[in-house]
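Enquirer: One structure, as structure tokens, below. Some questions next.
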Amino acid sequence: MIKKAVILGYKDEFERNLFNDAVADTLLNQSYQFYDFQFYISNADTSKIKMGTFYRRRTDNFARNNSLVKTAVADWAGINFELLALKNSSLKLITTFRSLKITDTLLTAQQPDNSLVNRLEYSLKILKGAITTTTFYEVGSGLEAKKQFSYVQVPPGQGCMHG
């Protein structure tokens, strides 16, 4: 007898970090909060072929005027497929669409963005798991923030490096 099972799931993460200036009794700009939750549906963990889909949302809040203000909301939707029937290896395909909305442009330099990412991942275990390797190929649409570097010559020992 073969049992088919469906897994419905929910997971979330919440973080709130408040930093106060004790002298001025104000909220410092380093303060932030985020809430990230996800609903998903997949087939049973015991399947040789796993499939699933998910919806995820993250809300970020940053400090302004002595309170936390909603700054950005990101929504993800995706599907995943994993082939576990291969001996000592697995093959996984994940497709994800993300929509980023900026709700307060004063608190972030990020721009609204829609992106699509496809990831193909292959994992191999040999010598009873003593050696494990994973390789992946990822293709996506959307924009990545442009980075600009400036180099200025200074006297020896006077420079600093910022990451």
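Quick note: the coordinates plus some simple rules give every number you see, no bench work behind them. Remember, it's a predicted structure, so these values are computed and weren't measured experimentally. Here Cβ is always computed from backbone atoms with ideal geometry, including for glycine, and neighbour counts include all displayed protein chains.
Enquirer: Across the chain, where is the longest run that never hits chymotrypsin sites (Phe, Trp or Tyr not before Pro) in a DSSP loop with at most 12 other C-beta atoms within 10 Å?
Expert: On the way: sites that count: F19, F149, Y151.
Between exposed loop sites, the widest span is 20-148.
Enquirer: Shifting gears a bit: Got a sec to turn the phi values of segment 41-47 into Karplus ³J(HN,Hα) couplings, 6.51 cos²θ - 1.76 cosθ + 1.60 with θ = phi - 60°, whole Hz, x for Gly and Pro?
Expert: Going residue by residue, I get 9, 8, 7, 4, 5, 7, 5 Hz, with x marking Gly and Pro.
Enquirer: Here's a follow-up. For the pairs K92/K128; K11/K101; K4/K125; K4/K101; K4/K92; K4/K87, note any where the Cα-Cα span goes beyond 31 Å. Each step should come with its number before you reach the end.
Expert: Working: K92/K128 21 Å; K11/K101 22 Å; K4/K125 28 Å; K4/K101 38 Å; K4/K92 21 Å; K4/K87 23 Å.
Among K92/K128; K11/K101; K4/K125; K4/K101; K4/K92; K4/K87, the Cα-Cα distance tops 31 Å for K4/K101.
Enquirer: In whole Hz, what ³J(HN,Hα) sequence does segment 116-126 give by Karplus (6.51, -1.76, 1.60; θ = phi - 60°), x for Gly and Pro?
Expert: Working through the residues one at a time gives 10, 10, 10, 10, 10, 10, 10, 10, 9, 10, 10 Hz.
Enquirer: Name the long-range amide H neighbours of T103: under 5 Å, sequence gap of 5 or more, or other chain; modelled H, no Pro or chain starts.
Expert: A72, V73
Enquirer: Let me ask something additional. Please list the radius of gyration and Dmax for segment 1-134, considering alpha-carbon atoms only, with Å as the unit.
Expert: 20.7, 70
Enquirer: Short version: ³J(HN,Hα) in whole Hz for each residue of segment 75-84, in order, from phi by Karplus 6.51 cos²θ - 1.76 cosθ + 1.60 (θ = phi - 60°), x for Gly and Pro, what are they?
Expert: Couplings: 10, 10, 9, x, 10, 9, 9, 9, 9, 9 Hz.
Enquirer: Scan the chain and report its longest stretch carrying no trypsin sites (Lys or Arg not before Pro) that are both in a DSSP loop and have at most 15 other Cβ atoms within 10 Å. Walk me through the numbers on the way to the answer.
Expert: Working: sites that count: K3, K4, K48, K87, K128, K146, K147.
By the stated rule (loop sites, at most 15 other Cβ atoms within 10 Å), 5-47.
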